[in-house]
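Below is one structure, written out as structure tokens; comments come after it.
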Amino acid sequence: MQTPLDRVRAKVASQKTALPALYGDVDFDITPERFTDDPKKSVAPKLSKTALADDKVALIKAYTMLGDVVADAYAALMPKYGFRPLIQMLTTACEKGVQAVPDAPPELLAFIADMEATPDWVDMDLVREGQRLDRNAAANLGPFAIRGAFIATFMNKYAALPMALTGTLSNDTAARRVNETATFFTTTLLPGSLERHGAGFKAAAMVRLMHSMVRFNALKRSDRWNVGVYGIPIPQVDQMPAGLIPIFLMSYKIVAKGRTTFTPDERARVELARYRCFLLGLPEDLLADTPQGIVDTMNARSGTLRAGFDDETCGELVRATLTAYLPPDERPENRLFDKVERGFSKVFFLRNFMNNDMAAARRMGVEIGPRDFALFGLVALIVTSQLMAYRAARQVPVLSSLADAHLTAKLRRQLKRYGHAEFTSDAEKYRPAGAKAAAA
């Protein structure tokens, strides 16, 4: 009888025959340099081997070499159609259905069908409740925290290289990527957005296609990508942190308190995160539904990702993101927001992703001074009072709906500030970088 691990390994191997134009030259039997079975050499050196469940480690190792079978097949049509026609067809299929796309390629049909195949474990009522709960933090904390959370994705050279290849080393592109990330998560919290023809469903499809375009361009059009070192570009395991970090931090605190189950509100937030990750292509194997399961899965990923920070990739990404100007224009109120948000984000990054290690943050190019701590304290005081006020309003029947409507309107205003998200990866950005970069 085939085990879950056997099924994953078979799916990984199938990429070679299912999509030879992209994966025909890839040896899926190798263990890329990025994977380590020694936690002391990983990005989480304080973890012990006994803290890592063997079955989780084996799954992480397998998924390190798995892309996105259906989205990758669609992205591989770029030489035939061009990347903008692919985006237009996908947009139409999301908004109006695949029947509205003339002569829709079978790869598009398979892509949409995969997203429509909602798993039996998804409870859409819980997902909607999770959206209502998360609107509070997204509306009040999100605009201040997004930059700090984005910087956290650049802490490791093995996981960060795809972003460097897409041109995010420039300030303008970094700003666009931060705003696109904010747009995606904000959009998925709007009422009805995760229904079949909702804006969040479409945004997930666009992000998924963008990731596949990165894979295609990195493997076929860049001389910097070395599968033996980095594995598959943006493998399934590298999408986990963005989608699961909030519930991982929540689960970590729950486990530390000795609890083994979620409260109803916590469960709703978990269901939202899991369904959003499903739409992005993550398999159920990586989407645990218990506090300990979530902690174990995320620890297995951190405990097996080899530590590595090089200034040419990670440092440049951090600096470009820190210096990027995020507001839509330079009106006085936006310039003031930029100064406040930038200071808050640096301290937020320090506390949530660097364990308050100032020296480590400085080595990454994040300089944090007294003014940043003062701004963090001021924003934290204001945001905390807002969060508590909306939580209290949820307990009052009449106020609850009014408060939610106000939060929804606030999120819509934020989306206008973030601007239109393209969610694209242009092949023109993937220029050969020479032997020095290839050895990074």
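One residue is enough: does the stretch 409-416 have a residue meeting the conditions surrounded by 14 or more Cβ atoms within 10 Å (Cβ to Cβ), more than 20 Å from Pro327 (Cβ to Cβ) and not acidic (Asp, Glu)? Within the stretch 409-416 (the criterion being surrounded by 14 or more Cβ atoms within 10 Å (Cβ to Cβ), more than 20 Å from Pro327 (Cβ to Cβ) and not acidic (Asp, Glu)), the answer is no, since none of the residues qualifies. Can you tell me which residues in the stretch 180-202 are under 15 Å from Glu95 (Cα atoms), open to solvent by 10 Å² or more (accessible area, probe 1.4 Å) and in a helix (DSSP H, G or I)? Scanning the stretch 180-202 gives Thr187, Ala199, Lys202. Would you be able to say whether some residue in the stretch 116-123 is surrounded by fewer than 21 Cβ atoms within 10 Å (Cβ to Cβ) and without any contact (Cβ under 8 Å) to a residue 12 or more places away in the chain? Within the stretch 116-123, one or more residues are surrounded by fewer than 21 Cβ atoms within 10 Å (Cβ to Cβ) and without any contact (Cβ under 8 Å) to a residue 12 or more places away in the chain.
For the stretch 340-367, which positions are among the acidic types (Asp, Glu) and surrounded by 13 or more Cβ atoms within 10 Å (Cβ to Cβ)? Across the stretch 340-367, the qualifying residue is only Glu341. Those helices (runs of 4 or more DSSP H) of the stretch 48-123 in which at least 2 residues are over 27 Å from Ala159 (Cα atoms), considering only elements entirely within it, cover 78-81, 83-96, 106-116. For Leu402, state whether it is under 15 Å from Arg135 (Cα atoms) and touching a Ser or Thr at 6+ places or on another chain (Cβ under 6 Å). It is false that Leu402 is under 15 Å from Arg135 (Cα atoms) and touching a Ser or Thr at 6+ places or on another chain (Cβ under 6 Å). When residues in the stretch 311-339 are screened for being open to solvent by 30 Å² or more (accessible area, probe 1.4 Å) and not aromatic (Phe, Trp, Tyr), 14 of them pass. Of all residues in the stretch 368-395, those being open to solvent by less than 60 Å² (accessible area, probe 1.4 Å), of a type in the set (A, V, I, L, M) and either outside any helix (DSSP H, G or I) or under 28 Å from Met358 (Cβ atoms) (or both) number 6. For the stretch 396-408, a residue qualifies if it is open to solvent by less than 80 Å² (accessible area, probe 1.4 Å) and free of Cβ contacts under 8 Å to residues at least 60 places away in the same chain, and the qualifying residues are Val396, Ser400, Ser401, Ala403, Ala405.
The values are calculated or read from the model by the stated rules, or taken from the named source; none is laboratory data. Just so it is clear, the model here is predicted, and its values are computed rather than measured. Note that each Cβ is placed from the backbone with ideal geometry, even for glycine, and that neighbours are counted across all protein chains shown. Just the protein is used for accessible areas: all its heavy atoms, side chains included, with ligands, DNA and RNA removed. Shrake-Rupley method; radii C 1.70, N 1.55, O 1.52, S 1.80 Å.
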